[in-house]
1. Within region 222-277, how many residues are without any contact (Cβ under 8 Å) to a residue 12 or more places away in the chain, closer than 20 Å to Phe294 by Cα and part of a loop (DSSP other than H, G, I, E, B)?
2. Taking the conditions exactly as written (part of a strand (DSSP E or B), at pLDDT 75 or above and among the β-branched types (Val, Ile, Thr)), does Ile169 satisfy them or not?
3. For region 102-126, how many residues are surrounded by 14 or more Cβ atoms within 10 Å (Cβ to Cβ) and within 20 Å of Glu282 (Cα to Cα)?
4. What's the number of the only condition in (1) surrounded by 11 or more Cβ atoms within 10 Å (Cβ to Cβ); (2) over 24 Å from Leu138 (Cα atoms); (3) modelled with pLDDT under 85 that Glu234 fails to meet?
5. Out of region 104-162, which residues are at pLDDT 80 or above and assigned to a loop (DSSP other than H, G, I, E, B)?
6. Could you pull out the residue among Ala253, Ala232, Ala266 that is closer than 30 Å to Ala128 by Cβ and of a type in the set (A, V, I, L, M)?
7. Scan region 145-156 and report the pairs whose first residue is not assigned by TED's automatic domain parsing to the domain that holds Gln246 and whose second residue is in a loop (DSSP other than H, G, I, E, B) and modelled with pLDDT under 90, with Cβ atoms within less than 8 Å and a gap of 6+ or a chain change.
Amino acid sequence: MTKGAPIPQELHIAILTLHSIVHMQWVEISTHLKVHPENACQMIQRSKDRVGNEFFALLNDVSHDEPAHPPDPPQKYPEWSKESERLKEAAFNPENFGKNPVQLTHLAHLDVSPLTAYWYIHQHHNFAPYKPCCKPKLSQNNILSHIQFTDWALIQPQEHFVFTDETWIEIGSLRGRPNVWRPIGSDLYDFVIATDSGPEFTLMLSSHFAHEYRGEPYIWVKETSKEQEEHAQELEEENLRKQEHQEEMYANACTPGTEEYKILEAINTNIRSYNENRLPNEPRRMPQRPEWVFKEERGERSKGGGID
């Protein structure tokens, strides 16, 4: 736009905004809006003469004000309050692992909504609900036994195996598995729930199939008295061998340089590292002992004569 040409009203507003709020120089305004610098300067000066410098000072103050946000309402039970700690104790109690927020608020004697109780547990104490673990953690011996069996089974003909699967139907017990409140990032095996739900009626469905098997289908053949004695003797000898092997592994776990010692040391090193870097609201883990890591299960005979 040439010098002396009239400036449209929308350009008046743009020039006023860029100069008073954005604090652009006249050359920058001229470059962006294609307006002669002297025309823009004269327009601003005429505006100041008409409304006074107080108006431009007000614009300058408004441009530097931070947006005002209303403060959050105060929490009824703030973090580290005795009520919040009471809620944490209720959620962390093993007897209450399966409780929902409504039940936990009643146990902690708090007058809050379930959503607020959930928010307190999660935000104040870093807890979250997880599906529980109902099976014990495999020991190192269990893992090695599984690997050895798999290596052996892979080289056997398929017709030598019977594949089975089973499922339980319980009537009169709790439906499904309740969630467990535990710290985020914690070991799920530290929060195991026992499965003794005490149903009124239990039914197990079992199915079996075999590849190219042509024999008589059966699940159980009753043992004779002689077979029971022989099998009991075999089981006793097997348990004795397991005990000797287990004691040997216990001794090796306490002897530097052995494989068992390295395994146990690696596990405890990870536990020490976790304990040193854990958050204040995360549980402390206990160092593992040889009898915990290298424990072997021993076979027992059931009342019906079979081997469990």
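1. The total comes to 4.
2. Yes, satisfied.
3. The number of residues fulfilling the criteria is 10.
4. (3) is the only condition that Glu234 fails.
5. Correct list: Ala108, His109, Leu110, Asp111, Val112, Ser113, Asn126, Leu154, Ile155, Gln156, Pro157.
6. That would be Ala266, the only listed residue that is closer than 30 Å to Ala128 by Cβ and of a type in the set (A, V, I, L, M).
7. That search, which allows pairs on different chains as well, returns His146/Leu138; Ala153/Phe161.
Results for (1) touching a Gly at 6+ places or on another chain (Cβ under 8 Å); (2) surrounded by fewer than 15 Cβ atoms within 10 Å (Cβ to Cβ); (3) modelled with pLDDT of 85 or more, shown as yes or no for each residue.
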| residue | (1), (2), (3) |
| --- | --- |
| Arg175 | no, yes, no |
| Phe191 | no, no, no |
| Glu229 | no, yes, yes |
| Glu259 | no, yes, yes |
| Ser273 | no, yes, yes |
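The values are calculated or read from the model by the stated rules, or taken from the named source; none is laboratory data. No experiment lies behind these values; they were computed from the predicted model shown. A quick note on method: Cβ atoms are made from the backbone with ideal geometry, for glycine too, and the neighbour counts reach across all protein chains shown.
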